[in-house]
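For reference, the structure is listed below as structure tokens.
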Amino acid sequence: MGALRLLSPLHFTHCAYGERRTEVTGARARARTRSSAISPLRSSSLPLKHSEGESITPRSQDFNMWYLDVVASAELADYGPVRGTMVIRPYGYAIWEFIQTYLDAKFKETGHSNMYFPQFIPYSFIEKEASHVEGFSPELALVTIGGGKELEEKLVVRPTSETIVNHMFTKWVHSYRDLPLMINQWANVTRWEMRTKPFVRTLEFLWQEGHTAHATEEEAEKEALQMIEVYRKFSYEQAAIPVIAGRKSRAETFAGALRTYTIEAMMGDCKALQAGTSHSLGQNFSLAFGTQFTDENGQQQHVWQTSWAVSTRMVGGIIMTHGDDLGLRLPPRMAPIQVVIVPIWKKPDEKRGILEVASILENILKEASIRVKLDDSDQKTPGWKFNFWEMKGVPLRIEIGPRDLSNKTVVVSRRDVPGKHGKAYGISMESSFIKAYVKEKLEEIQSALLARAIAFRDSNIVDVKSYEELKTVISEGKWARGPWASGDFEELKVKEETGATIRCFPFDQSPGEKVCFMTGNPANEVAIFAKSY
């Protein structure tokens, strides 16, 4: 809708398909940027709230403000100078690296290889697949000037890579012997979102996107289901997020796909977060790009394809699933720091001995491959340190004071159990004991966070048998689950009247006869409805 003149030689334009480009320059552009305050992002600098005496906004008071406070105070991200962009800080990026490390290993185990595709895509590529261009046009960022000259063809800043991947697959695939072709790339993408939220929805974000080509529809379908299962296992086993895996409705299917599979997560405010997707693309893109191969009978066939992705949105999901009024609560398997050691002294002559023992304890835990931090700074009080590391969601805190030193013991506090109930006193410092004890507690915390999230999810999903019941459940902020055999018109009615969408048709379906709560017709499966991010 408008062209943004940058100091860079590249001229970026955000526009919808078929709309005329209007240039906005100087003060007018700056005014327009300031006026786009429909975003919930507050300012270009997030105030930190981890100093003593200050607290974050309670979740029950304002969940959105609580989330922004946690992102800021836990030093996960800050706002970039362009509205809707974010700078991922080291602590936030470390969480993303755990996601990368786990998934990258799983991708390679399942036969995929990493590679990289260009960020700039010819606009004509986007136009080749009709539903794809229709679905993505409102979010495209376009380059119209490069090197000070108007480009002969405008370029799309990568919103996703199905089109450019197909262009290259067409060059590489000739025979059935070239299949399956299974690749993944770790990259950034740009989608010109109007309403943004750090990690959850930003103009630019990080992700992985897998792309595969197969000889048959059955192989492609098996691949799409395999990858959504990889995402589901990651969510449960690493992030401790009990997602519901299932199939998207036709209206919610990815633009250009036959079927979209999803993992849906319930956040702390009961809104749904689409945490990962896997698409069975059929032959839509291979027909558009002429991606063909010669089969075993010497006949020319179009390939069957998939694509699948998880993004930095998962970091936001971890925050909103597990966080509390004290800040982050990180599952130990995702925590950059699993244990923080806080030495405590009052008199100068106590300091040296306590720090020596704390350092020995740090090394003992490091030798056990436990991610540990010794906070031996003397600029802040122990109380400030407690609050700060609780804010950052460190699963375990070990305290060592003069009495502990004389008894050769420590105090261990669990982040997931606030207050005295989460404290254990008189824990031996003996090397083999403390290593085993800490590992056991970290596993207990991992399991406890998952169990708590499952209980929260299950208590907020309500089975409904009528549209009136669904409207009531959605108005209460919960998820509604009910038999569904209606079409796009009825689905749109639900969205317009309640704000909820079909999140998925879960893979896990109960047996027995069902009746669609909307039409009264026989139904084969139940659907889950919820408001979402």
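Odds and ends about this structure:
- Counted as qualifying within region 96-190 are the helices (runs of 4 or more DSSP H) with 3 or more residues that are more than 25 Å from the chain's Cα centre (by Cα) and of a type outside the set (Ser, Thr, Tyr), namely 123-127, 162-172.
- Among the residues of region 521-533, those identified as open to solvent by 50 Å² or more (accessible area, probe 1.4 Å) and assigned to a loop (DSSP other than H, G, I, E, B) are ASN521, ASN524, LYS531.
- Check on ALA275, touching a strand residue (DSSP E or B) at 6+ places or on another chain (Cβ under 8 Å), open to solvent by less than 30 Å² (accessible area, probe 1.4 Å), more than 21 Å from ASP178 (Cα to Cα) and in contact (Cβ under 8 Å) with a residue 40 or more places away in the chain: yes
- Scanning region 464-487 for residues that are open to solvent by 70 Å² or more (accessible area, probe 1.4 Å) and under 27 Å from the mean Cα position of the chain (by Cα) turns up SER475, GLU476, ARG481.
- The numbered conditions (1) within 30 Å of ARG329 (Cα to Cα); (2) surrounded by 22 or more Cβ atoms within 10 Å (Cβ to Cβ); (3) charged (D, E, K, R) are all true for LYS233 except (2).
- Every condition in (1) among the β-branched types (Val, Ile, Thr); (2) open to solvent by 70 Å² or more (accessible area, probe 1.4 Å); (3) at pLDDT 95 or above holds for ILE38 except the one numbered (3).
- Inter-residue pairs, beta-carbon under 7 Å, first under 29 Å from PHE205 (Cβ atoms) and polar (S, T, N, Q) and in region 141-152, second modelled with pLDDT of 95 or more and surrounded by fewer than 18 Cβ atoms within 10 Å (Cβ to Cβ), 6+ apart: THR144/GLU150; THR144/LEU151
- Some residue of region 89-97 being open to solvent by 40 Å² or more (accessible area, probe 1.4 Å), of a type outside the set (D, E, K, R), at pLDDT 95 or above and out of contact with any Ser or Thr (no Cβ under 6 Å at 6 or more places or on another chain): yes
- Filter result for GLY84 (open to solvent by less than 30 Å² (accessible area, probe 1.4 Å), assigned to a loop (DSSP other than H, G, I, E, B), farther than 21 Å from GLY210 by Cα and touching a Phe, Trp or Tyr at 6+ places or on another chain (Cβ under 9 Å)): yes
Residue by residue, here is whether (1) free of Cβ contacts under 8 Å to residues at least 40 places away in the same chain; (2) under 24 Å from LEU225 (Cα atoms); (3) among the small types (Gly, Ala, Ser) holds:
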| position | (1), (2), (3) |
| --- | --- |
| LYS439 | no, no, no |
| TYR467 | no, no, no |
| CYS504 | no, yes, no |
| PHE517 | no, no, no |
| ALA527 | no, yes, yes |
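- Restricted to region 391-410, and to residues there that are part of a strand (DSSP E or B) and open to solvent by less than 10 Å² (accessible area, probe 1.4 Å), the residue that is nearest to SER428 (Cα to Cα) is VAL410.
- Among the residues making up region 337-361, those that are open to solvent by 30 Å² or more (accessible area, probe 1.4 Å) and outside any loop (DSSP other than H, G, I, E, B) are PRO348, ASP349, GLU350, LYS351, ARG352, LEU355, GLU356, VAL357, SER359, ILE360.
- Of the residues making up region 243-260, those that are part of a strand (DSSP E or B), open to solvent by 10 Å² or more (accessible area, probe 1.4 Å) and touching a residue at least 40 places away in the same chain (Cβ under 8 Å) are ILE244, ALA245, ARG247.
- Scanning region 303-328 for residues that are out of contact with any Pro (no Cβ under 8 Å at 6 or more places or on another chain), open to solvent by 10 Å² or more (accessible area, probe 1.4 Å) and not polar (S, T, N, Q) returns TRP304, ALA309, ARG313.
- Residue in region 362-381 that is most open to solvent (accessible area, probe 1.4 Å), counting only those that are in contact with a helix residue (DSSP H, G or I) (Cβ under 6 Å, 6 or more places away or on another chain) and charged (D, E, K, R): ASP376
The values are calculated or read from the model by the stated rules, or taken from the named source; none is laboratory data. As the structure is a prediction and not an experimental result, all values here were calculated from the model. Neighbour counts are summed over all protein chains in view; Cβ atoms, including those assigned to glycine, are modelled from backbone coordinates with ideal geometry. Just the protein is used for accessible areas: all its heavy atoms, side chains included, with ligands, DNA and RNA removed. Shrake-Rupley method; radii C 1.70, N 1.55, O 1.52, S 1.80 Å.
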